[in-house]
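These notes concern the structure reproduced below.
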Amino acid sequence: KKKVAEGYSLMAFPEGTRSTTNKIRRFHKGAFFLAEKLELDIIPVLIHGNSEVLPKGSFIIRDGSITVKILKRIDSEDMSYGKTDRERTKLIGTYFRKEFETMRSEIENETYFHDLVKLDYRYKGDTLYQSVKKNLKENSDIYKTFLKTLNKRSSILNLTGGEGEFDLLLLLDGPDRKICTYIKDELTRSIVENSFITKHYNRITFASSREEALNFDADAIIIDASEVNEFRRMKIEKNILLGFEIACQNHNLVIFKKKGNT
């Protein structure tokens with residue numbers, strides 16, 4: 001209170017610590033308690049890109065951009081965000097998340113996470129690296145469409161058997177997603193399983209066979225387009241894909257989602 005009276009401003013980080021992902025963590029109420037007691041306006045500040053350029057727990061600074069956005073001042077007498085510090089903590093936190101998602105949609109284009117994914121493969125063999133690089137380039141548009149199609153809290157079964165680059169994109173885009181993936185090649189599976197992104201997010205289960213993967217309780221399934229008829233047959237014979245419908249597809253990949261799952 002003395003410092004504020006002397007003309008100082010207060011800077012607070014309501015999450016309490018750096019997030020390990022690009023997801024805004026739960027806000028603590030200390031900053032809003034001070035704002036209420038000292039009758040201070042709140043100037044919301046968003047920081048985008050730090051989780052990609054310098055992830056928490058990493059000693060490597062990655063190539064990229066960090067963007068700071070200052071939002072409209074919240075007047076101390078503005079009661080639209082609640083009257084108590086507890087109410088304001090919750091409602092202002094919701095406001096931050098909404099504005100941050102808008103900011104993400106403006107900045108994160110179809111190739112935004114590609115360099116991070118390629119970095120995870122860069123020193124794991126040139127053949128694999130070049131294959132992943134080619135996949136990302138050729139599928140950039142459909143991958144972005146799929147990221148928009150799949151709910152950020154989905155449980156996803158990926159049966160495409162590829163090199164794992166799309167699984168990593170799914171995590172970087174939505175760290176709350178749970179993923180079970182079947183990567184056919186054992187060496188590639190081991191490389192992806194032990195990659196930085198996989199270990200950092202810890203949200204991928206690696207199945208050693210399709211049969212094992214099909215035991216995963218998913219609300220979205222990704223398959224190769226060439227296997228649609230086979231899966232429809234399995235739907236009839238083995239009750240797989242009951243309640244699922246095609247949500248998105250191109251000539252290479254198809255997403256089935258449970259009906260009603262947005």
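None of the figures in this text is laboratory data; all of them are computed from the coordinates on show. In this text, all values refer to a predicted model and were calculated from it rather than measured experimentally. Reconstructed Cβ throughout: ideal geometry from the backbone, glycine too, with neighbour counts over all protein chains shown.
Here are some notes:
- Whether region 131-243 is rounded, prolate or oblate, judged on the alpha carbon gyration tensor where a/c under 1.5 counts as rounded: rounded
- Extension gain from Asp63 to Met79, taking 0.36 nm per residue of separation minus the Cα-Cα distance: 1.6 nm
- The distance between label points at Leu242 and Glu138 comes to 3.7 nm (points 7 Å beyond Cα on the Cα→Cβ vector).
- Between Leu119 and Arg97, the modelled labels are 2.7 nm apart [label points 7 Å from Cα along Cα→Cβ].
- Amide hydrogen neighbours beyond the local backbone of Ser155, cut-off 5 Å, H modeled: Lys178, Asp219, Ala220
- Contact order normalised by residue count of region 93-222, Cα under 8 Å, 6+ apart, percent: 25 percent
- Using C-alpha pairs below 8 Å separated by at least 6 residues, the relative contact order for region 10-83 is 30 percent.
- Amide H within-cut-off set for Cys248, under 5 Å, with H built and near neighbours excluded: Ile255
- In the chain, the longest principal axis of the Cα atoms and the axis of helix 140-149 are about 70 degrees apart.
- Region 78-135: trypsin sites (Lys or Arg not before Pro) in DSSP loop, at most 16 other beta carbons within 10 Å: Lys83, Arg122
- Mean separation of Cα contacts under 8 Å, 6 or more apart, over the residue count of the chain: relative contact order %: 13 percent
- For chymotrypsin sites (Phe, Trp or Tyr not before Pro), the sites in region 88-167 that DSSP calls loop and that have at most 11 other Cβ atoms within 10 Å are Tyr123.
- Summing charges over neighbours of Thr17, with a neighbour being any other residue whose Cβ is under 15 Å away from its Cβ, gives +4 when K and R count +1 and D and E count -1.
- Length released on extending from Glu186 to Lys56, taking residue separation times 0.36 nm less the Cα-Cα span: 43.9 nm
- Longest DSSP-loop-exposure-free segment, GluC sites (Glu not before Pro), the chain, at most 11 other Cβ within 10 Å: 78-262
- Net charge dipole, region 56-109: roughly 180 debye, given to the nearest 20, about the Cα centre with Cβ charges of +1 for Lys and Arg and -1 for Asp and Glu.
- Rounded to the nearest 10 degrees, the inclination of helix 228-238 to the longest alpha-carbon principal axis of the chain is 90 degrees.
- HN-Hα J in Hz across region 29-46 - Karplus 6.51, -1.76, 1.60, θ = phi - 60°, x for Gly and Pro: 8, x, 4, 7, 5, 5, 4, 5, 5, 9, 6, 9, 5, 10, 10, x, 10, 9
- Taking 1.306 mPa s as the viscosity and 10 °C as the temperature, the Stokes-Einstein diffusion coefficient of the chain based on its alpha-carbon Kirkwood radius rounds to 77 µm²/s.
- Between 0 and 90°, nearest 10: helix 126-138 axis offset from the chain longest Cα axis: 70 degrees
- Dipole size of region 137-200 about its Cα centre, with +1 on Lys/Arg Cβ and -1 on Asp/Glu Cβ: approximately 320 debye, rounded to the nearest 20.
- The dipole here belongs to the chain: it is taken about the Cα centre, uses +1 on the Cβ of Lys and Arg and -1 on the Cβ of Asp and Glu, and is about 760 debye.
- Region 62-105: C-alpha gyration tensor shape, a/c 1.5 cut-off, then a/b vs b/c: prolate
- Taking a ≥ b ≥ c as the square roots of the eigenvalues of the Cα gyration tensor, an a/c ratio of 1.5 or more together with a/b no larger than b/c marks region 158-223 as oblate.
- Since only Tyr95, Leu54, Leu71 are under comparison, the one whose Cα sits farthest along the positive direction of the charge dipole of region 40-116, derived from C-beta charges on Lys, Arg, Asp and Glu, is Tyr95.
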